[in-house]
Every structure is written in C-alpha cells, then in structure tokens.
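Asks: Input: one structure, supplied below.
The values are calculated or read from the model by the stated rules, or taken from the named source; none is laboratory data. What you see is a predicted model, and the numbers here were worked out from it, not measured in a lab. Cβ: placed from backbone, ideal geometry, glycine included. Neighbour counts: every protein chain shown.
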Amino acid sequence: MSTRYEIRLAGSGGQGLILAGIILAEAAGIYDGKFVCQTQSYGPEARGGASKTEVVISDEEIDYPKAIQPDVLLAMNQKSLDAYIGGLKPEGLLIVDATLVPEVPLDRFVALPFTEIARELGREMVANIVALGALAALSRAVTPESLGKAVLARVPKGTEELNHKALAAGLAAARP
C-alpha cells in the first residue's frame, strides 16, 4: 500500500455504507495501527437518497481528510457508480454489486453479488458487510482479522453471528 490509500463507498441511504465506512476506518486505525480519516455525505432523504463515505488510510499523518482520487470505488448501485466512476484513479480498483449494477463502463472491474449473497444469508441488510469482506480481500487495505474485530464491535447486539457470516461470505466471494 502506498503512503496514502483512498477508498470511496457509494450507494443509497439505507444500504449501511456510512456504518461500513466507520467499520473500515476503525479496522485500519484501531486494529491495524494506521492513520485514518473517515468522512461521509448523504442527501436529505434518510433512505433512498445518495450516500457516500470516504476512508483515507496512511502510514503517515493525513493532511487532507477527503479522497482526492480514490484507489478503490465500491459502488452498491447503478446511480452511485454513474456519479462517482469519474473520480477513480485510472489504475484504481472498481468493485460493484452485481445484483444492483447492470452496466459498468470500464473493462477492468470486479462484480460480486453482495445483495444476493446477503439475501441467501437471510437478511439483505448485511450486504454492506459482505461488500466489506470482499473489499478487504481484493484491496488488502485492512487485514481480515482487524475487519472482523471492528465489525463485531460496531454491529447491533444480537446480529454478531449473522454479520460474522456476512463478512466471511464476502471474503470467500472475492477469493479466486
């Protein structure tokens, strides 16, 4: 990983991307010992509006908290992909939810069915955790162990087992 590594998670309000960004930042900062900054923005609608979170991870102090040109873009729906694809570094990693993103304008990307995997686990609401597992496996921005600890520290009580399974499913889906 270079000194500064930028990740943008984008989708719709209600998909749990803000929580996913917080979990990712805590995994990198608290458990992996990196410098980290997490920012978020979302539309006025609580659910259904545009939502994004950015996580900057570095081996050195971070001088600017927002992603300038992300190394990774995780797009959980078509609208967010269309809105944020232009900012991705030319050699950046594009990860999309194959369940909700039918058209990708690049030749190089990874499409995994996060929402479908979450449904198979019994709750669509864990698609964000499935996606985090895949992101960790594909980008190596955080260790799976750190991500697991951060997930269990942040998810609602009573959902730990489901979220642990979701994380494992995402890690497995991203492995060749």
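Asks: Among the residues in the range 70-79, are any under 21 Å from Leu167 (Cβ atoms), assigned to a loop (DSSP other than H, G, I, E, B), hydrophobic (A, V, I, L, M, F, W, C) and touching a Ser or Thr at 6+ places or on another chain (Cβ under 8 Å)?
Replies: Yes, the range 70-79 contains at least one residue that is under 21 Å from Leu167 (Cβ atoms), assigned to a loop (DSSP other than H, G, I, E, B), hydrophobic (A, V, I, L, M, F, W, C) and touching a Ser or Thr at 6+ places or on another chain (Cβ under 8 Å).
Asks: Being under 21 Å from Arg140 (Cα atoms), at pLDDT below 95 and not β-branched (Val, Ile, Thr) narrows it down to one residue among Lys89, Lys34, Lys52, Lys79; which is it?
Replies: Details: Lys89 fails: at pLDDT below 95; Lys34 fails: at pLDDT below 95; Lys79 fails: under 21 Å from Arg140 (Cα atoms).
On inspection, the qualifying residue turns out to be Lys52.
Asks: Spot the failing condition for Ala168; the list is (1) in contact with a Leu (Cβ under 9 Å, 6 or more places away or on another chain); (2) under 25 Å from Leu94 (Cα atoms), and only one is missed.
Replies: Of everything listed in (1) in contact with a Leu (Cβ under 9 Å, 6 or more places away or on another chain); (2) under 25 Å from Leu94 (Cα atoms), Ala168 misses just condition (1).
Asks: Taking the options Ile85, Ile95, name whichever one is over 19 Å from Glu26 (Cβ atoms), assigned to a strand (DSSP E or B), hydrophobic (A, V, I, L, M, F, W, C) and touching a strand residue (DSSP E or B) at 6+ places or on another chain (Cβ under 9 Å).
Replies: Numbers: Ile85 fails: assigned to a strand (DSSP E or B).
After ruling out the rest, the residue left standing is Ile95.
Asks: Condition test on Ala137, is it closer than 16 Å to Ile7 by Cβ and at pLDDT 95 or above?
Replies: Against the criterion (closer than 16 Å to Ile7 by Cβ and at pLDDT 95 or above), Ala137 qualifies.
Asks: Among the residues of the range 1-11, are any among the aromatic types (Phe, Trp, Tyr), assigned to a strand (DSSP E or B) and more than 23 Å from Ala127 (Cβ to Cβ)?
Replies: Looking through the range 1-11, at least one residue is among the aromatic types (Phe, Trp, Tyr), assigned to a strand (DSSP E or B) and more than 23 Å from Ala127 (Cβ to Cβ).
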